[in-house]
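Here is the structure we will look at.
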Amino acid sequence: MLELFTPATSLASLAAASFLAATLVPLSSEAALFGVLRLHPELAWPAIAVATAGNTAGGLTSYLIGRFLATKRPLARVATVRRWGAPALVLAWLPLAGDALCVAAGWLKVNWAAVAAFSAAGRFARYWLIAQGALW
């Protein structure tokens, strides 16, 4: 059964899980990364990169939802994003609160490149720590 999890299919599955986990789909991208690294420890850096990219892309999807479906109703995390701006998105990896931060950033029309950069930095740090645990 483990022969189904080649390096290529493992990274593709990780990309999908990471993307979906950054939306409202209840998946654990951390568990997916941990599993890939336990099966293929030689893929540490590619797996961290794939997980970071997929999760950041999922967060930007939430950003777009906030940007294009914004209403006049206040959002829960708007005050945080309004106060701190794009750097608040370094916490976009947090469960539930991170999704709200991404939507709030879109709602406030924060620069998407800054959102992507800060979001990716926080997500990379999280995945790097998980990789250290998986490879220890």
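The values are calculated or read from the model by the stated rules, or taken from the named source; none is laboratory data. These numbers were taken from a predicted model, which means no experiment stands behind them. Please note: Cβ atoms are built from the backbone with ideal geometry, for glycine as well, and neighbour counts cover all protein chains shown.
Look at (1) over 18 Å from Gly133 (Cβ atoms); (2) in contact with a Lys or Arg (Cβ under 6 Å, 6 or more places away or on another chain) and you find that Thr52 fails only one, number (1). Ala51 meets the conditions (1) surrounded by fewer than 18 Cβ atoms within 10 Å (Cβ to Cβ); (2) at pLDDT 95 or above in every case but one. The failed one is (1).
Scan region 51-60 and give yes if some residue there is farther than 27 Å from Gly85 by Cβ and in contact with a Ser or Thr (Cβ under 8 Å, 6 or more places away or on another chain), otherwise no. No - not one qualifying residue is present in region 51-60. Is it true that Leu69 is over 17 Å from the mean Cα position of the chain (by Cα) and either surrounded by fewer than 21 Cβ atoms within 10 Å (Cβ to Cβ) or within 13 Å of Leu14 (Cβ to Cβ) (or both)? Yes; evaluated as a whole, the condition is true for this residue.
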